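Colleague: This is the structure I want to talk about, given as structure tokens.
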Amino acid sequence: MTTEQALYKYCLRLGDNALIQSYRLSEWCSNAPLLEEDLALTNFALDMIGRAQLLLSYAGVVEGMGKTDDDLAYRRGERQFTNTLISELPNGDFAFTIARLFFTSVYEYYFFTELQNSADTTLKAVAAKTLKEVKYHKAHATDWMLRLGGGTEESNTRVQAAVNALWMYTGEQFETDKADAMLQDINIAVDMPPVKDKWNVYVQEVLLDAGISVPVADYMQTGGRNGVHTEYLGHILSEMQYLQRAYPDATW
Amino acid sequence: MVKTAYSKEDILHILRVIPDPEIPVVNIYEMGMLRDVLLTDEGCEVILTPTYTGCPAMGLIEQDIKMTLNNHHIHNVSVKMVHDPAWTTDWMTDVAKDKLRKYGIAPPLHSSCALDVFGHNIIQCPQCHSGDTVLLSRFGSTACKALYQCNSCREPFEYFKCH
């Protein structure tokens with residue numbers, strides 16, 4: 001594997017995470033429990049689609065085959081997508097969506113904080129920009145975790161169930177492989193163990209404050225980063241890519 | 001070779017008429033988005049820094065730049081998005097902040113307030129200037145704004161979040 005191939009993979013994974021998470025959050029548009037929440041979740045979706053555009057455009061440049069961000073978003077099949085499984089799970093109820101946003105935004109907050117020091121100037125710039133936005137996502141998700149956990153018996157039961165169900169999908173966020181190691185050697189990629197430690201400390205602290213038990217199961221799901229997905233990603237793509245597949249090269 | 005009769009300063013001046021599509025009282029220079037103009041043998045390159053990564057107004061601004069310069073017979077215009085350093089509300093000019101206030105939008109505090117994302121900053125009502133205001137919703141009609149209400153004059157208003 002060359003450095004370019006490793007960097008392509010790295011950008012693609014980050015871009016796919018942003019794209020698929022954005023897609024899921026946008027499904028809340030006009031469906032959130034209150035108007036302010038509708039605005040919040042769709043605003044986050046917009047931040048993420050912007051991040052996906054930057055990262056997928058850059059992945060296309062690094063690959064050097066002339067692909068645009070749209071080519072990568074709309075013209076790859078399920079097995080070529082490298083987002084984490086946690087990004088693609090269906091929204092479930094509001095508690096499930098918030099718990100997912102909590103786990104991913106806390107991870108992103110610590111991850112992009114570190115990526116700001118990347119030796120790659122594009123990734124460094126994307127990280128600085130993203131961090132400003134992710135701060136809001138993390139603060140919002142944290143507040144809701146405390147509110148749902150400390151709310152009624154019903155809200156506590158639901159958010160606890162969401163945390164239990166999502167826990168085994170959180171480990172994949174910290175996985176690394178050859179490509180990551182290669183880029184870490186030249187100070188482009190983030191060193192993951194410290195990110196994982198910080199994530200653990202913050203998550204446990206908030207869950208405890210919220211009266212939510214921290215799951216102890218250590219079995220973790222894996223596969224998304226290497227293109228092996230849950231049954232849900234194919235359904236996302238069939239809707240998301242419909243237009244470009246039915247009318248290739250359509251523009252407006 | 002394309003020679004233009006306009007200097008870099010002329011072009012920056014021409015581009016100042018382009019409004020922010022979502023807050024038309026301020027222009028792209030006042031918002032701090034218009035960073036530079038480079039004149040080369042191939043033409044004219046305009047350097048922009050987007051406010052938010054997903055800001056849907058950027059495409060429109062790019063079109064407006066090309067159209068405005070074409071109207072001045074400046075062709076071969078390209079627009080380049082530069083993301084480093086990242087845009088900050090601190091780049092907004094004082095004139096822009098004043099215009100926002102008159103338009104009914106509370107201007108952003110200094111970006112250092114973002115460390116405490118939804119902290120206890122006092123946001124002044126753009127109508128009656130009272131500091132007794134309350135956050136209604138962290139997110140508003142666009143990615144860059146939050147919704148507040150003034151307890152003194154009861155008027156709801158938008159606050160441009162510091163970034």
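Any read-out appearing in this document is the output of simple, stated calculations on the displayed coordinates, not a laboratory observation. Note that the structure is predicted; figures quoted are calculated from it, not measured. Note that we place each Cβ from the backbone using ideal geometry, even for glycine, and neighbour counts take in every protein chain shown.
Colleague: Given the structure, is A:THR170 in contact (Cβ under 8 Å) with a residue 12 or more places away in the chain, crowded, with 23+ Cβ neighbours inside 10 Å and either within 30 Å of A:ILE188 (Cα to Cα) or away from chain B (no Cβ under 11 Å) (or both)?
Modeller: Numbers: in contact (Cβ under 8 Å) with a residue 12 or more places away in the chain: yes; crowded, with 23+ Cβ neighbours inside 10 Å: yes; either within 30 Å of A:ILE188 (Cα to Cα) or away from chain B (no Cβ under 11 Å) (or both): yes.
Answer is yes for this residue.
Colleague: Quick check, is B:VAL17 farther than 16 Å from B:TRP87 by Cβ and assigned to a loop (DSSP other than H, G, I, E, B)? Before the answer, list the steps.
Modeller: Numbers: farther than 16 Å from B:TRP87 by Cβ: yes; assigned to a loop (DSSP other than H, G, I, E, B): yes.
So B:VAL17 fits the description; yes.
Colleague: While we're here: Taking the conditions exactly as written (facing chain A (nearest Cβ under 10 Å), surrounded by 21 or more Cβ atoms within 10 Å (Cβ to Cβ) and hydrophobic (A, V, I, L, M, F, W, C)), does B:PHE139 satisfy them or not?
Modeller: Numbers: facing chain A (nearest Cβ under 10 Å): yes; surrounded by 21 or more Cβ atoms within 10 Å (Cβ to Cβ): yes; hydrophobic (A, V, I, L, M, F, W, C): yes.
So B:PHE139 passes the test.
Colleague: If you go through segment A:27-40, how many residues are assigned to a helix (DSSP H, G or I) and either at positive phi or surrounded by 21 or more Cβ atoms within 10 Å (Cβ to Cβ) (or both)?
Modeller: Here is the first cut: in segment A:27-40, the residues assigned to a helix (DSSP H, G or I) are A:35-40.
Still in the running and either at positive phi or surrounded by 21 or more Cβ atoms within 10 Å (Cβ to Cβ) (or both): A:39-40.
So the count comes out to 2.
Colleague: Here's a follow-up. If you scan segment A:113-129, which residues turn out to be farther than 20 Å from A:ALA181 by Cβ and either more than 7 Å from chain B (Cβ to nearest Cβ) or among the small types (Gly, Ala, Ser) (or both)?
Modeller: Let us first name the residues in segment A:113-129 that are farther than 20 Å from A:ALA181 by Cβ, namely A:113, A:116, A:121-122, A:125-126, A:128-129.
Hits for segment A:113-129 are A:THR113, A:GLN116, A:THR122, A:ALA125, A:ALA128.
Colleague: Okay, moving on. Would you point out the residue of segment A:41-77, among those that are surrounded by fewer than 17 Cβ atoms within 10 Å (Cβ to Cβ) and acidic (Asp, Glu), that is farthest from the other protein chains (Cβ to nearest Cβ)?
Modeller: A:ASP71
Colleague: I would also like to ask the following. Among the residues of segment B:108-120, is any within 14 Å of chain A (Cβ to nearest Cβ) and among the aromatic types (Phe, Trp, Tyr)?
Modeller: So far as segment B:108-120 goes, yes, one or more of its residues are within 14 Å of chain A (Cβ to nearest Cβ) and among the aromatic types (Phe, Trp, Tyr).
Colleague: Right, next: Can you pull out every residue in segment B:27-56 that is within 14 Å of chain A (Cβ to nearest Cβ) and surrounded by 19 or more Cβ atoms within 10 Å (Cβ to Cβ)?
Modeller: If the condition is that a residue be within 14 Å of chain A (Cβ to nearest Cβ) and surrounded by 19 or more Cβ atoms within 10 Å (Cβ to Cβ), then B:MET33, B:LEU48, B:THR49, B:PRO50, B:THR51, B:TYR52, B:THR53, B:GLY54, B:CYS55 are the ones that fit.
Each row is one residue, and each column tells you yes or no for (1) at negative phi; (2) within 14 Å of another protein chain (Cβ to nearest Cβ); (3) of a type in the set (A, V, I, L, M); (4) in contact with a helix residue (DSSP H, G or I) (Cβ under 9 Å, 6 or more places away or on another chain).
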position: A:ASN83; (1), (2), (3), (4): yes, no, no, yes
position: A:LEU89; (1), (2), (3), (4): yes, no, yes, yes
position: A:TYR107; (1), (2), (3), (4): yes, no, no, yes
position: A:LYS132; (1), (2), (3), (4): yes, yes, no, yes
position: A:ARG147; (1), (2), (3), (4): yes, yes, no, yes
